[in-house]
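Right, one structure below, let's go through it.
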Amino acid sequence: MNAPLAQDWTVANQQLLVAEFARLKQRLHTASGKAVPNQPDPLPAIANARHALRSESAIDWLSSAFGLSTFERDLLLLCAGFEMDGELARLCTLGQGKDYRPAISFSLALSTLDDPHWSALTPQRPLRRWRLIEVDDSNGLAAGRLRIDERALHFIGGINELDGRLAHLLRPARTLPLQAADHASTTRAVLAAVNPENQAKTAIPVIVLEGDDPAAQEDIAARLADTLGLQCLRLHAEDIPHGAEERSALITLWQREATLLGAALLVVIADPGPAASDAAQALLERVGGLCLVASPTAPALTAPSLRFAVNKPDSSERRQLWIDALGSTGAARAVPELERAASHFRLGSQSVQSIAHALRGTLAMPADGARTASLTPLWDSCRQASRGGLDKLAQRLDAKAAWESLVLPEAQLAMLRQIAAHLRQRFKVQEEWGFAAQGNRGLGLATLFAGESGTGKTLAAEVLAHTLQLDLYRIDLSAVVSKYIGETEKNLRKVFDAAEDCGAILLFDEADALFGKRTEAKDSHDRYANIEVSYLLQRMEAYHGLAILTTNLKSSLDPAFLRRLRFIVHFPFPDQAQRLALWQRVFPAATPTRGLDFDKLSRLSMTGGSIRNIALNAAFLAADDGEPVMMRHLLQASHAEASKRERPLADAETRGWA
């Protein structure tokens, strides 16, 4: 009954119902003591309809599935006929007196149908246990009105669709076109665990799929159900009622649907908090049948369960998934970008396949095409698909600066280029050359930028992000650090987990406030502060991306933390030659200037950040005067900048400016 119904079966099933209703009408005539109308015997018609069906009718299948007795079967048919057959409804009303409301009562069924038994209407028997009929017992149980449940009525009529009371809660689980190798292996393992041949002696355990790839979890559940000849319907844990009575009604309706549709249940716990986990546990310990749970972390269940890890594919499996999803031609053209994408972006199975499907036409170009397929759409699509989680936790910076924007000694520039090389060749070294197989620790690029404010630390981070086409996020320390014990670690864990997914560059400005030296534990606050630093040390070392820490006071950082840094780049105060280069580059080409003396400007002892502030403020002054930027505007802006630092400018620094 869980497969689409053939037209000939539907017609034969309706013919059987007509014949069954005719049989019941004869019973009602006989029970009333009135003469039976001259009608043909319905039994041959019933036999002919059964022969035409060549399989069980809907009423027979339902009776067998729920264990109905002959009397219960006829009572259910009588209630169905009351809704479907006007003559049968009229006879039921006449059989209970002319003043009786149009309805069926249990007393009528007891006096009319074969093999009657009072227990048919007890709550434990199938008719009420599975809510196949509803009883209005306001006039007593025997005289109460009986009505067939709408879902059961449609099923008997040959329509097998999800109960409308569950339609807003349940959705079909979706399969993905492709599976990563590890997910395919997990699917086989789950199938072996719930093999029907192994379940004859014991109940089917709850299958818990835990991990950070919810689409793959749903895919595994759907494939498992399909292999077993079942549908798979998913239910979100937050939609499970908390009231015991409502939850009990949901469980009963689901158990009935699982039988009628032939379905497995997938409970999705998106946020594994206490409320969702408790609701899922209360449902799963009673629901029975084939049930699965998809959750980031495995909930505590009292019901017997088996747990399987379903996480996002690792970089090597992602690479193969990209190749399979793009197709041989598109993948071959995208190999350099594909390896970087597989290494940097920790995308789930669904995201990989969705992006690949959208880009196949772009990448799979003929070998003799007029141009080489652009690799930028693949990379940009990965950035956009993976950044959602981190956008909620940190500030994304629009990185546009190029190498030409940096004015640093050659040693510092060389080190920054080395950092960029590490990120570009991450997949080759870690995966192809085997360093990742030795362990996850030490594979990250935790880097310290140390130097005075305005010496170019943030600008260098922007240059790296722009050069490598990676997102740059500034971590807001005020949103991360919490006075409540354990909250800082929790907040940082969310940041790092989201950053792992999108391969972003993390920028911790003024990191000494967060990564300071551990102190002697004099009280509980000191102990927990030290725990926070220790957690940060471990997480920074395990982080696979580039985390840039900036500080004005390198000496204030914990020495143990410094040992775990891959790079330490010192940003010196610019000398006069570097300041000259900064002044020569600070004004955009479209900015009108007149009579600027860059040699004199370079004598001003300022960092690059201050020089940019002076240039910008001078531009506003000049624009307001309706003039090009001149030395007098720069002089006024320089004094304003110096006043912010409470360090007046010396006459020697600005002599001859105006």
Original post:
What's the percent breakdown of Cα-Cα distances in the range 180-270 across 10 Å bins, shortest bin first?
Top reply: 15, 44, 34, 8, 0
Original post:
Of Lys400/Lys600; Lys457/Lys494; Lys312/Lys554, which sit over 32 Å apart, Cα to Cα?
Top reply: Lys312/Lys554
Original post:
Per residue of the chain, what 222 nm ellipticity follows from adding -39500 (n - 2.57) for every DSSP H run with n ≥ 4, rounded to the nearest 500?
Top reply: -15500 deg cm²/dmol
**OP:** Have a look at the chain and give its Rg and Dmax from the Cα atoms, expressed in angstrom.
**Re:** 37.2, 128
Original post:
Helix 274-287: angle to the longest alpha-carbon principal axis of the chain, degrees 0 to 90, nearest 10?
Top reply: 30 degrees
Original post:
So for the range 576-654, Kirkwood radius off the Cα pairs, Stokes-Einstein at 37 °C and 0.692 mPa s: how many µm² s⁻¹?
Top reply: 263 µm²/s
Subject >> Given the chain, longest segment not containing exposed loop chymotrypsin sites (Phe, Trp or Tyr not before Pro) (DSSP; at most 11 other Cβ within 10 Å) >> reply: 1-432
Original post:
Using the count of nearby Cβ atoms within 10 Å as a rough guide to exposure, how do Leu408, Leu166, Leu445 rank from fewest to most?
Top reply: Leu166, Leu445, Leu408
Original post:
Any idea what log10 I(q)/I(0) is at q = 0.21 Å⁻¹ for the range 7-156, Debye with uniform C-alpha scatterers and no solvent?
Top reply: -1.45
Original post:
Once both axes come from the Cα atoms, what is the angle between helix 7-32 and the longest principal axis of the chain, in degrees from 0 to 90, rounded to 10?
Top reply: 40 degrees
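Where a number appears in this text, it was derived from the coordinates with a stated rule and is not lab data. Just so it is clear, the structure is predicted and the values come from calculations on it, not from any experiment. All Cβ positions, even for glycine, are placed from backbone atoms using ideal geometry, and neighbour counts span all protein chains on display.
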